[in-house]
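Please treat every number below as a calculation from the coordinates, not as lab data. This is a predicted model, so every value here is computed, not measured. Cβ coordinates were reconstructed from backbone atoms using ideal geometry, including for glycine residues, and neighbour counts include every protein chain displayed.
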Amino acid sequence: MNKIKWITHNPSGRRRVVVTKELPGTRWLDRLIRADCQVEVCTSTDILSTAEIITAIGNRCDGAIGQLTENWGTDLFEALKIAGGRARISPYSLEIPLPRPHRVLSMQKRLGLRP
């Protein structure tokens, strides 16, 4: 397994955001930097383990951008919460198909984030 490498953008940023994979384009990064965020991006192409992401979150993390291939379960959300971050699940990326008549139930509703 390769040693995990991270690139830090805007190291003096007031808020800390961990990004588990390099994302396409630069618009997302530009916006985070304009919002005074220190952005730490993992350059590894490997799928990070829960332990590796928890280590990256550390004891201070205001937000994280993870991938669907990673195991974002209770342990990671709890680590993020302890580090001071808050989670927001995108209803566009996580949807659960249900039998009719429900069609699709968004994860926001399932997690109690939305009525």
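Please work out if ARG27 is loosely packed, with under 14 Cβ neighbours inside 10 Å and more than 13 Å from the chain's Cα centre (by Cα).
The answer is yes for ARG27.
Do the conditions hold for LEU68, that is, is it exposed (fewer than 14 other Cβ atoms within 10 Å of the Cβ), farther than 14 Å from ARG14 by Cβ and in contact with a Leu (Cβ under 8 Å, 6 or more places away or on another chain)? Even if it seems obvious, please write down each step before you answer.
Values: exposed (fewer than 14 other Cβ atoms within 10 Å of the Cβ): yes; farther than 14 Å from ARG14 by Cβ: yes; in contact with a Leu (Cβ under 8 Å, 6 or more places away or on another chain): yes.
It is true that LEU68 is exposed (fewer than 14 other Cβ atoms within 10 Å of the Cβ), farther than 14 Å from ARG14 by Cβ and in contact with a Leu (Cβ under 8 Å, 6 or more places away or on another chain).
Looking at the range 1-13, which of its residues are loosely packed, with under 15 Cβ neighbours inside 10 Å, in contact (Cβ under 8 Å) with a residue 24 or more places away in the chain and not aliphatic (A, V, I, L, M)?
Answer for the range 1-13, where residues must be loosely packed, with under 15 Cβ neighbours inside 10 Å, in contact (Cβ under 8 Å) with a residue 24 or more places away in the chain and not aliphatic (A, V, I, L, M): ASN2, LYS5, TRP6, THR8, PRO11, SER12.
Any residue in the range 46-70 that is free of Cβ contacts under 8 Å to residues at least 40 places away in the same chain sitting within a Cβ distance under 6 Å of a residue that is surrounded by fewer than 17 Cβ atoms within 10 Å (Cβ to Cβ) and not in a loop (DSSP other than H, G, I, E, B)? List the pairs, counting only those 6 or more apart or interchain.
Correct list of pairs: THR50/ASP75.
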